[in-house]
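The values are calculated or read from the model by the stated rules, or taken from the named source; none is laboratory data. Note that the coordinates shown come from a computational prediction; the quantities given were computed from them, not determined experimentally. Heads up, the Cβs are rebuilt from the backbone with ideal geometry, glycines too, and the neighbour counts pull from every protein chain shown. Heavy atoms of the whole protein, side chains included, go into the accessibility calculation; ligands, DNA and RNA do not. Shrake-Rupley method; radii C 1.70, N 1.55, O 1.52, S 1.80 Å.
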Amino acid sequence: MPDAVVADMKRYVELYKHREWFGYGALNYRLMNDGAGFIASEIWPDLRDGDGLDSTGIRTATRARLFEYFDEIVRRNTDEYGAPTYLGINFSAIKLLADFAQDPEMRRRASLTLDSMLL
């Protein structure tokens, strides 16, 4: 990927605020936003977001919420999987974490959540 595109992507992620979720309440949006923030904070150690969180702070905030989302999906959210839109969006966000997160516990929990979704 060209360096200019990577730099633009990083600048875009730096606009996000990760300290608390304040956006639309749908789980799929939360998964996409927090999942992207988590991965971005692993890729760019010098990342600083719109709240002023550094990459460690972003990982801390998003990691805890992502684990809560995984729990929600496995325990209470299976009825959404009759809707292909939610299944596809949720699946792709979690697959990104299962395949590319550097944090071994994130990879493990994301993989287990995918297993549950596929069942």
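Name every residue in the range 90-116 that is outside any loop (DSSP other than H, G, I, E, B) and open to solvent by less than 20 Å² (accessible area, probe 1.4 Å), in order of residue number. Outline the logic, then answer.
Pass one, the range 90-116, residues outside any loop (DSSP other than H, G, I, E, B): 90-100, 104-116.
Of everything in the range 90-116, those that are outside any loop (DSSP other than H, G, I, E, B) and open to solvent by less than 20 Å² (accessible area, probe 1.4 Å) turn out to be ASN90, ALA93, ILE94, LEU97, ALA98, MET106, ALA110, THR113, LEU114.
Within the range 107-119, does at least one residue satisfy the condition of being more than 25 Å from ASP3 (Cα to Cα), β-branched (Val, Ile, Thr) and touching a helix residue (DSSP H, G or I) at 6+ places or on another chain (Cβ under 6 Å)? Spell out how you get there, then give the answer.
Narrowing the range 107-119 to residues more than 25 Å from ASP3 (Cα to Cα): 107-119.
This time we only want the ones that are β-branched (Val, Ile, Thr), so: 113.
Restricting the remaining residues to those that are touching a helix residue (DSSP H, G or I) at 6+ places or on another chain (Cβ under 6 Å) gives 113.
Scanning the range 107-119 turns up at least one residue that is more than 25 Å from ASP3 (Cα to Cα), β-branched (Val, Ile, Thr) and touching a helix residue (DSSP H, G or I) at 6+ places or on another chain (Cβ under 6 Å).
Considering each of LEU31, LEU87 in turn, give the residue that is at pLDDT below 95, open to solvent by less than 40 Å² (accessible area, probe 1.4 Å) and assigned to a helix (DSSP H, G or I). Let's see the steps before the verdict.
Details: LEU87 fails: open to solvent by less than 40 Å² (accessible area, probe 1.4 Å).
It is LEU31.
Looking at the range 34-64, which of its residues are open to solvent by 30 Å² or more (accessible area, probe 1.4 Å), under 18 Å from LEU114 (Cα atoms) and of a type in the set (D, E, K, R)?
ARG63
Could you check how many residues of the range 66-84 are at pLDDT 90 or above and open to solvent by 90 Å² or more (accessible area, probe 1.4 Å)?
Total meeting the criteria: 1.
Give the residue that is farthest from ALA110 (Cα to Cα), with candidates limited to residues of the range 24-53 that are among the acidic types (Asp, Glu) and in contact (Cβ under 8 Å) with a residue 12 or more places away in the chain. Spell out the reasoning first.
Going through the range 24-53, the residues among the acidic types (Asp, Glu) turn out to be 34, 42, 46, 49, 51.
Subsequent filtering for residues that are in contact (Cβ under 8 Å) with a residue 12 or more places away in the chain retains 34, 42, 49, 51.
Details: ASP34: 13, GLU42: 16, ASP49: 24, ASP51: 26 Å.
The selected residue is ASP51.
Is it the case, given these coordinates, that THR85 is touching an Asp or Glu at 6+ places or on another chain (Cβ under 7 Å) and of a type in the set (Val, Ile, Thr)? Explain how you work it out, then say what you get.
Numbers: touching an Asp or Glu at 6+ places or on another chain (Cβ under 7 Å): no; of a type in the set (Val, Ile, Thr): yes.
Spelling it out, it is not the case that THR85 is touching an Asp or Glu at 6+ places or on another chain (Cβ under 7 Å) and of a type in the set (Val, Ile, Thr).
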